[in-house]
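Worksheet: one structure, shown below.
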């Protein structure tokens, strides 16, 4: 079935709001560690805190903001969250001290509206069309990821790192206006659930842990990647073209490949290839002398692998969450996602406080740890990708 007019409208509005806000995370990640050290009283660890504090606040506030939306209405809480995000962005723009930047990042993160948006989308779409609605939102978020990673280095080099926070403020205010004018009205559920029982679901646990591991490794990589670039003696202005080159293979190859594996019902091949790409990225980088070539190999293989899971994890979640508890089941996915980003950034910042550990270079140690994390993740595994046939 196709989305009707009201369902499509709700889906597009929520997806646009999601995309604008998440752009605030994605636009900063590729360059944050490179520029955060320029703030007064900064250090590698405090730079990691500045990156991760946003995601940590997001993880903590998902459930409270969801509860407040149940009590006071979705639209009001989304506007409140976006105002917090916009206000925090202004604080970050005016910050010169690293501790003020951290405060601004925390305030940005307090505006956690992911679970509220999921609930809105679930309430405004039928069971038959809900998967389509979540697919559209997933595409919008994926677009934000790609645009953010290219726009961040470009605008930071063209203007300044602080200019990115003005962009975030503008995105937040635009999203607030869209919410005020077009956000779907709260719906009273016509069908009451007499009792909701929560049971352990190994498939969902695997997906939630997958969300955590992916964002954990991604945030570690994005902390380290621009710093390796700088250590190779290259210019910050060239980072835009670097991200463009390493993203291009993933953008061209991954989506059609996954569609192919879906058609032949062998998606587990793509999942296994994703883990292989990630392990090879770090293993080959360790085995080659540090150079532009090993650097590009690391980036290309890493984003090939991570793009597989960025495409498949939301789909796996949609296939394994029951329609009655879709908003509830999606909540932990985003909590684990933000938690992974927070832990990864703070961990990488802590490692970068010293150049050597036990005689090993910090980058060598981080690569070894990432390989071990990927091996642990692959041993936990992911559920089979089985598309449920329509019984109608």
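Values quoted throughout were computed directly from the atomic coordinates according to the rules given, and no laboratory measurement underlies them. Just so we're clear, the structure is a prediction, and the values are computed from it rather than from any experiment. So basically every Cβ, Gly included, is an ideal-geometry build from the backbone, and we count neighbours across all protein chains shown.
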* How high is the FRET efficiency between residue 97 and residue 235 when r is their beta carbon distance and R₀ equals 35 Å, given to the nearest 0.05? -> 0.85
* For the chain, the spread of Cα positions along each principal axis, largest first, Å -> 63, 49, 34
* Asked: Taking 0.36 nm per residue of separation and subtracting the Cα-Cα distance, what length does fully extending residue 45 through residue 259 add?
  -> 73.0 nm
* Given a Förster distance of 22 angstrom, what is the FRET efficiency for residue 291 paired with residue 38, based on the Cβ-Cβ distance and rounded to 0.05? -> 0.25
* Asked: So how far apart, in nm, are the two label points at residue 361 and residue 284 if each is 7 Å from Cα heading toward Cβ?
  -> 1.8
* Asked: What is the pair-distance distribution P(r) of segment 221-326, computed from all Cα-Cα distances in 5 Å bins starting at 0, with each bin given as a whole percent?
  -> 2, 11, 19, 20, 16, 12, 9, 6, 3, 1, 0
* Asked: Do you know the relative contact order of segment 1-100, to the nearest whole percent, from alpha carbon pairs under 8 angstrom that are 6+ apart?
  -> 31
* Asked: By average Cβ neighbour count within 10 Å, what is the ranking of 167-180, 78-91 from highest down?
  -> 78-91, 167-180
* Cα centroid distance between segment 240-300 and segment 129-165, in Å? -> 20
* Compute the separation of the alpha-carbon centres of segment 335-369 and segment 3-29 and state it in Å as a whole number. => 31
* **Stretch gain in nm, segment residue 67-residue 163, where the contour uses 0.36 nm per residue and the Cα spacing is subtracted** => 31.1 nm
* Structure fact -> Dividing the mean separation of Cα pairs under 8 Å (6+ apart) by the residue count of the chain yields a relative contact order in percent of 27
* **Segments 363-370, 291-298 sorted - mean Cβ within 10 Å per residue, highest first** => 363-370, 291-298
* Structure fact -> 1/(1 + (r/R0)^6) with r = Cβ-Cβ of residue 177 and residue 319, R0 = 51 Å, i.e. FRET efficiency to nearest 0.05, evaluates to 0.90
* Taking only the alpha carbons of segment 26-69, what extent do you get along each of the three principal axes, in Å, biggest first? -> 39, 21, 13
* Per DSSP H run of at least 4 residues, take -39500 (n - 2.57); add these up for the chain, divide by its residues and hand me the 222 nm value, nearest 500 deg cm²/dmol. => -26500 deg cm²/dmol
